[in-house]
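J.: Handing you this structure, nothing more for now.
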């Protein structure tokens, strides 16, 4: 079916008002939940074929996230969809004031290849719960998962309600030529700008979940072994292809040597002496990305790793020391299993380094000093931050997930997803049993008494 026809059919379907029916939405989500439960193994297999993703990792970081989001939406949908009573203004007495939630309409979702199941369906669930129709365009760089996503959606939804359109960048461009009521995109800042420009032509609201150079500061008081363990997991899960992974370390000079030693130990503990044989370690998604990573570390002073295989797209966990921000790994977001380490001797050195980059999606600090942690998190702007761990900010669906500035626009997760895909209409119902005459013409020539009354209110 042509994109123009899909767009027209969804517009027609939305106008029937069917998606505004809360029970229809809830039944759709329950049906989707049943389908995903039946296809858990197929999902895991597709993720392995596309990314070499271990089954445990596929469950924890992809499948479970979507199922948890579904559970939250189904449980709370009816309550969230109710009109919300708002305190009335005395100026409108007598009145009852409300916020009425309604769906935006037609949603376009363009999802990435690094978490192709989670980042396709977690937000789609929110859009459906809010009463929208959805066209999902998965990444062509995770082809097995993209094909499966289309099958899962076709098993669950009427295509006029939710459908999948597969294809390359030209398909995404064609989709953006149409007018949507909401767009959500996850991917690079470069493409995010293209999406934003296309959305601006129609004044379409957007959520852009992008990326950036996520710093990870380790001061002299941090517990070295535990710090190393948590950094290794956050950095190398999904083979480093995580938008909120630590992108570089800023380590107090006095503990750099023991921390590097601990990082190497924890890499070996996690993935063995040869990560290419480890069942817990994934692969790079596609050749172009693999080649970019290989080029990044050429001529670098490696502390550990750097091994790769272009036949299997294996790229080993890699550590390297860098002296400044001019190193190739410090130019832009790495998005792979390469971790550059810089040191500082004085905390005043942190600002010039971190301020070199746009506001990141993630920000991490390891320290036992409460004041230091507080000052750091108040000093810098970022999408989400964690003290004494990495990446776990996504685990709490009570917290919004999103970036700021070049790392993103808007946020989602749990109730925040429902709200992101909902327009809250203000509505006032006035009483008729009394009608204060003050506001009507002809206006009095003197109204000092009115000024005093309004100031009092």
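The values are calculated or read from the model by the stated rules, or taken from the named source; none is laboratory data. Note that the structure is predicted; figures quoted are calculated from it, not measured. Glycine gets a Cβ as well: all are built from the backbone with ideal geometry, and neighbour counts include every protein chain shown.
J.: Can you say whether residue 267 is in contact with a strand residue (DSSP E or B) (Cβ under 8 Å, 6 or more places away or on another chain) and surrounded by fewer than 21 Cβ atoms within 10 Å (Cβ to Cβ), as far as the supplied structure shows?
T.: No; evaluated as a whole, the condition is false for this residue.
J.: Having 2 or more residues that are surrounded by 15 or more Cβ atoms within 10 Å (Cβ to Cβ) and modelled with pLDDT of 95 or more is the bar; report the strands (runs of 3 or more DSSP E) wholly within the stretch 49-122 that clear it.
T.: Here the list reads 95-103, 106-110.
J.: If you don't mind, another one. Within the set of pairs 6 or more residues apart or between chains, which connect a residue that is within 14 Å of residue 91 (Cα to Cα) inside the stretch 441-453 to a residue that is part of a loop (DSSP other than H, G, I, E, B) and modelled with pLDDT under 85 with Cβ atoms less than 8 Å apart?
T.: Correct list of pairs: 450/438.
J.: Return yes or no: is residue 306 modelled with pLDDT of 95 or more, out of contact with any helix residue (DSSP H, G or I) (no Cβ under 7 Å at 6 or more places or on another chain) and in a loop (DSSP other than H, G, I, E, B)?
T.: Spelling it out, residue 306 is indeed modelled with pLDDT of 95 or more, out of contact with any helix residue (DSSP H, G or I) (no Cβ under 7 Å at 6 or more places or on another chain) and in a loop (DSSP other than H, G, I, E, B).
J.: Take the conditions under 20 Å from the mean Cα position of the chain (by Cα), not assigned by TED's automatic domain parsing to the domain that holds residue 71 and not in a strand (DSSP E or B) and apply them to residue 389. Does it pass?
T.: yes
J.: Still on this model: Of 414, 408, 362, 384, which residue is crowded, with 19+ Cβ neighbours inside 10 Å, more than 30 Å from residue 85 (Cα to Cα) and outside the structural domain of residue 220 (by TED's automatic domain parsing)?
T.: Going through 414, 408, 362, 384 in turn, the sole match is 408.
J.: Of the conditions (1) touching a strand residue (DSSP E or B) at 6+ places or on another chain (Cβ under 9 Å); (2) in a loop (DSSP other than H, G, I, E, B); (3) at pLDDT below 95, residue 397 clears all except one; give me its number.
T.: (1)
J.: How many residues does the stretch 368-381 hold that are assigned to a loop (DSSP other than H, G, I, E, B) and either buried (at least 20 other Cβ atoms within 10 Å of the Cβ) or under 17 Å from the mean Cα position of the chain (by Cα) (or both)?
T.: Summing the residues that are assigned to a loop (DSSP other than H, G, I, E, B) and either buried (at least 20 other Cβ atoms within 10 Å of the Cβ) or under 17 Å from the mean Cα position of the chain (by Cα) (or both) in the stretch 368-381 gives 1.
J.: Could you list, ordered by first residue, the pairs with Cβ atoms under 6 Å in which the first is in the stretch 243-260 and at negative phi and the second is assigned to a helix (DSSP H, G or I) and surrounded by fewer than 19 Cβ atoms within 10 Å (Cβ to Cβ), at least 6 apart or interchain?
T.: 258/224; 259/224
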